[in-house]
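Step one of this worksheet: look at the structure below.
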Amino acid sequence: MNILEWTFVASVLTATAPVVLAALGGLLCSVSGIFNMALEGQLLFGAFSAVVVSHLTGNAWCGVAGGVAATALYSAVLSVSAVTFRADPVVVAVGLNLLALGLTSFLMRRILGTAGTYTSPELRGLPTLASLGLGKITVIGPVLGPQSPLVPVAFVLVVAAAWWLKRTRSGLRLRGIGQHPEAAESLGLKVGPYRHGVVLAAGALCGLAGAQLALGNVTLFSEGMSAGRGWVAVVAVMLGGVRPYRVLGACLLFGVAEALGFRLQGVGLPQQFADAAPYVITLLALVLASVAGRRRSARLEFT
Amino acid sequence: MSRDVNQVMSRVVSRLMDRSGTAVLTIAGALALTTLVMVIVRVDPAEAYPALIRGAVADGNLEYTIASFVPTLGMALAFAIPLRTGEFNLGGDGQMALGGVVAAALALRVPLPSGIAVIVPLAAATLTGALVAGVSAPLRTRLGIPAIVTTLLISSPAVALASYLVRFPLAEAGTGNAQTPLIPDDAHLPSVGESGYVTLGLPLILLLTAAWLYVDGRTVLGYEIRATGANREFARYGGVPVDRLEISTLAGGGAFAGLVGGLIVLGPPFRFVDGALTAPGYTFTAIAAVLLATGRPVVVPFTVALMTILQVGGQGMERDAGVPSQLTQIMQGLIIVIVAVLATVRHRAGKRAVAAAIRADAPEPGEAEARSTEPARAGQAAGVTEAES
């Protein structure tokens, strides 16, 4: 087992991509002052709708578009309840996560006609970059070759979001709304529409994440296949705050843990430990980061 | 005098109407939306709903429903107790699974005299649940990491650990099934009634629920817990040991989850079957029930009964009418969302009424303030208002 070989890097990127897409959605909401905990349910809903649309149309890209559109629509429930009605986003998110689990399992039986896992040779997955002609280049070939085109898109979107928040007028306004909604409103900014916008954008990003998970990483849908990745994304947002690159770092940490877990399973570690590893590592990172943060603020107080 | 009594009575009645109005409205809304889902995927509601009711209360099934009521009520307390201080315990599955494994291990591996063969595993399960949940408390009080995240993150590894223990060290030799051997007869929970489904767990959990209701409503401890949930900093200022209460309520909630795990394992089928504790979804059924009770602990057993009927009935619906039982999960999710929305709508309507009353005397302070309030915080759906630190 060699951690440093390129295929390991490739599997880290594969594991990270869905999480980083979902976390990016959570980050945007967090910047605007809404704590979005519904990422898990939205990721699952995105995976399901992407598979259903791909199954119905026979085209993976239609599946991606369908997943994005359907999940953005699903996230409208959160945006209407939390922004328009000012309901507690945490409680709404608990409900939405449960609703997604129920809806996807229920509709799976009615639409796809199976329980548990749906897979079929007719179900079209996303093409790999190698099949699009990237396979032969050194380093890029083995690292990006087995990935779907959505994987590089995920990382490009992080850079784009960082640039948008830092350099553009609307990005600055979004940050202002998150830091002080009343002040932003008094300057004539429309707080509501900005918040609706980012919650819906988070839904769309989760749809993209789900599509990558169900049509990129694998080509199937199984009940509860998000398997806590949405929660890891929530923790990544807590770790990274409103800084996109820190959130990316947290997601990469999870990706390494998952890829490592897979490898160790290959050499005989029980599956249960491989399943648990990403959560344990995420939790440890959260605790360590909080301890470090506390130390730093304590030092500032005393000097 | 009698007029005063009348006035108080009418106020109580109108309050009850108002609050149970929320619950009725929530259930009506959830039913309407669920029916909509049914119609869209061409399930006949006229066939599905009667099948659901039959599945929950028709002759053989009622005892089974009562048997499921026990773990659901226990998990409701596991969620409701920390919620009174404003914390969300979403890790019930892990606390329950590890509690169950510890109970099974003790019952299988430690020979105990028949008198305490039931009590010791149950106590150990309770303690395990309390420890697993208690880990989240210092993370919240010392490091400020919300319990909702840590309980959930701890839950998955805890369930995985339980699954590992059941599949390997504690597995039944030679069968290849992911389950422990049958626990010895001495450790079986005595059953109540004829079917054998309902065990001594039912009176036990009812007694403990009554005890919780008493502590919550009638004691200083309960008052301090509610004060912490209503406004943490104000409670701290008033001398309430907020951090200690946080630890005890989280551990107390976990204790109930662990106890439920023990009760399941020591009841029929008298073994730990991997996945059997978490698969019925007691944790989230209970969460929906507690949120539906909107902060009135006394109502919790009734909402739990309702949600249990839906949950068990859903399985009957699947058998009888071929409608996937996940429909009840959809209904639960909808109930939580609608409760959250109605809680703030009612809260704001109340504020508006107060503002209008003030406006009659003084010039307009109300509306701007009502609009600028932060999105209503966690506790409001549960009837406690949390002050974020």
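The values are calculated or read from the model by the stated rules, or taken from the named source; none is laboratory data. Nothing here was measured: the structure is a model prediction, and the numbers come from that model. Note that each Cβ is placed from the backbone with ideal geometry, even for glycine, and that neighbours are counted across all protein chains shown.
Of note:
- Among the conditions (1) aliphatic (A, V, I, L, M); (2) surrounded by 24 or more Cβ atoms within 10 Å (Cβ to Cβ); (3) closer than 26 Å to residue A:248 by Cβ, the only one that residue A:94 does not satisfy is (3).
- In the condition set (1) within 14 Å of chain A (Cβ to nearest Cβ); (2) in a helix (DSSP H, G or I), residue B:325 is compliant with all but (2).
- When A:130, A:60, A:100, A:115 are checked against the criterion of being more than 30 Å from residue A:184 (Cβ to Cβ) and touching a Phe, Trp or Tyr at 6+ places or on another chain (Cβ under 6 Å), a single residue qualifies: A:100.
- The condition (being basic (Lys, Arg) and closer than 18 Å to residue B:78 by Cα) is satisfied by just one residue among B:271, B:232, B:226: B:226.
- Looking only at the range A:226-264, and only at residues there that are away from chain B (no Cβ under 14 Å) and outside any helix (DSSP H, G or I), the one that is modelled with the highest pLDDT: A:243
- Residue within the range B:250-273 that is at pLDDT 85 or above, away from every other protein chain (no Cβ under 11 Å) and under 30 Å from residue A:113 (Cα atoms) present: yes
- Output for the range B:129-147, where each listed residue is among the β-branched types (Val, Ile, Thr) and buried (at least 24 other Cβ atoms within 10 Å of the Cβ): B:132
- Looking only at residues of the range A:31-41 that are within 13 Å of another protein chain (Cβ to nearest Cβ) and in a helix (DSSP H, G or I), we find that the one that is surrounded by the fewest Cβ atoms within 10 Å (Cβ to Cβ) is A:40.
- Some residue of the range B:204-211 being of a type in the set (Ser, Thr, Tyr) and more than 26 Å from the chain's Cα centre (by Cα): no
- Whichever residue in the range A:87-115 is of a type in the set (Val, Ile, Thr) and in a helix (DSSP H, G or I) and, among such residues, is farthest from the chain's Cα centre (by Cα): A:111
- Of all residues making up the range B:151-170, the number that are within 12 Å of chain A (Cβ to nearest Cβ) and not in a helix (DSSP H, G or I): 2
- Residue that is farthest from residue B:323 (Cα to Cα) [pool: residues in the range A:109-133 that are within 14 Å of another protein chain (Cβ to nearest Cβ) and in contact with a strand residue (DSSP E or B) (Cβ under 6 Å, 6 or more places away or on another chain)]: A:118
- Annotation: residue B:122 fulfils all but one of (1) hydrophobic (A, V, I, L, M, F, W, C); (2) buried (at least 18 other Cβ atoms within 10 Å of the Cβ); (3) under 26 Å from residue A:281 (Cα atoms); the unmet one is (3).
- Some residue of the range B:177-200 being at negative phi, under 21 Å from the mean Cα position of the chain (by Cα) and surrounded by fewer than 19 Cβ atoms within 10 Å (Cβ to Cβ): yes
- Pair list, Cβ < 8 Å and 6+ apart or interchain, from the range A:227-239 residues that are among the aromatic types (Phe, Trp, Tyr) to residues that are in a helix (DSSP H, G or I): A:231/A:39; A:231/A:40; A:231/B:149; A:231/B:152; A:231/B:153
Residue-wise test of (1) closer than 15 Å to residue A:27 by Cβ; (2) assigned to a loop (DSSP other than H, G, I, E, B).
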position: A:146; (1), (2): no, yes
position: A:152; (1), (2): no, no
position: A:162; (1), (2): yes, no
position: A:170; (1), (2): no, no
position: A:184; (1), (2): no, no
position: A:201; (1), (2): yes, no
position: A:204; (1), (2): yes, no
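- Condition check for residue A:160: out of contact with any Ser or Thr (no Cβ under 7 Å at 6 or more places or on another chain), within 16 Å of residue A:210 (Cβ to Cβ) and modelled with pLDDT of 85 or more: no
- Answer from A:174, A:215 - the residue that is under 20 Å from residue A:36 (Cα atoms), aliphatic (A, V, I, L, M) and modelled with pLDDT under 90: A:174
- Some residue of the range B:86-96 being of a type in the set (A, V, I, L, M, F, W, C) and assigned to a helix (DSSP H, G or I): yes
- Residue selected from the range B:279-294 under the condition part of a loop (DSSP other than H, G, I, E, B) and within 12 Å of chain A (Cβ to nearest Cβ), by the criterion modelled with the highest pLDDT: B:281
- If only residues of the range B:136-151 that are out of contact with any helix residue (DSSP H, G or I) (no Cβ under 6 Å at 6 or more places or on another chain) and touching a residue at least 12 places away in the same chain (Cβ under 8 Å) are counted, the one that is farthest from residue A:294 (Cα to Cα) is B:148.
- Search result, residues across the range A:73-91 that are buried (at least 24 other Cβ atoms within 10 Å of the Cβ) and at the interface with chain B (Cβ under 7 Å from one of its Cβ atoms): A:81, A:82, A:87, A:88, A:89, A:91
- Set B:210, B:158: member being out of contact with any strand residue (DSSP E or B) (no Cβ under 8 Å at 6 or more places or on another chain) and buried (at least 20 other Cβ atoms within 10 Å of the Cβ): B:158
- Boolean, residue A:32 is over 30 Å from residue B:80 (Cβ atoms), at pLDDT 85 or above and more than 17 Å from the chain's Cα centre (by Cα): yes
- Condition check for residue A:174: more than 12 Å from chain B (Cβ to nearest Cβ), surrounded by 13 or more Cβ atoms within 10 Å (Cβ to Cβ), within 21 Å of residue A:82 (Cα to Cα) and within 23 Å of the chain's Cα centre (by Cα): yes
- Top-ranked residue in the range A:79-90 [being more than 10 Å from residue B:344 (Cβ to Cβ) and of a type in the set (A, V, I, L, M, F, W, C); ranked as modelled with the highest pLDDT]: A:80
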